[in-house]
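**Student:** Sharing a structure with you now.
Each reported figure results from applying straightforward, stated rules to the coordinates on display, with no laboratory input. The structure presented is a predicted model; accordingly, all values stated were derived computationally and were not measured. Cβ coordinates were reconstructed from backbone atoms using ideal geometry, including for glycine residues, and neighbour counts include every protein chain displayed.
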Amino acid sequence: MSPGQYLLLKLGEECSEVTKEAAKQSAFGRDTAYYDEPNHVRLRSECLDVLVCILLLEHAKEIEPISYGDVLKHYRSKRERVMQTAANAISAGTVEATLYGRYPEL
């Protein structure tokens, strides 16, 4: 396995950890503590681990560097898609109407 392949494997593992912590926070709430840390602290930590893996992948030239401009452009596009699916979920009655409009424009 090459170093780049190993970093890709680590990225996959860290993404799985984010998924796990997001599911815990969704199920048990933001402030419920497991192992003496609230869910939101554990989720943030796992998100940071993903960001570190991304930086390592950039350094290893496995992905092109991601600029702040890239993030802003993608944020705007993704925000619109999230807002549309949120509107659909609100209409279906599966998500509270208070969700709509909570994502800031950048």
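**Student:** Which cross-chain or sequence-distant (5 or more) residues have an amide H under 5 Å from the amide H of Val95, H modelled 1.01 Å from N in plane?
**Tutor:** Ile90
**Student:** Pop out the ³J(HN,Hα) list for the range 86-95 in order, Karplus 6.51 cos²θ - 1.76 cosθ + 1.60 with θ = phi - 60°, rounded to Hz; leave Gly and Pro as x.
**Tutor:** 5, 4, 5, 5, 5, 4, 7, x, 9, 9
**Student:** Quick one: Cα convex hull volume of the chain, Å³ per residue? Display every interim value, and only then the final one.
**Tutor:** Numbers: hull volume 14.1 nm³, N = 106.
Output value, Cα hull per residue: 133 Å³.
**Student:** If each residue of separation counts as 0.36 nm, what is the full-extension length gain between Ala92 and Gln5 once their alpha-carbon separation is subtracted?
**Tutor:** On the way: separation 87, 0.36 × 87 = 31.32 nm, distance 4.21 nm.
The Ala92-Gln5 span can extend by a further 27.1 nm.
**Student:** A further question on this structure: What ranking do 40-53, 79-92 get when scored by the average of other Cβ atoms within 10 Å per residue, highest first?
**Tutor:** Numbers: 40-53: 15.6, 79-92: 12.4.
Result, highest mean Cβ count within 10 Å first: 40-53, 79-92.
**Student:** What number, rounded to the nearest 500 deg cm²/dmol, is the helix-based mean residue ellipticity at 222 nm of the chain, given -39500 (n - 2.57) per DSSP H run of at least four residues and division by all its residues?
**Tutor:** On the way: 3 runs with 72 residues, N = 106.
Dividing the helical sum by the residues of the chain leaves -24000 deg cm²/dmol.
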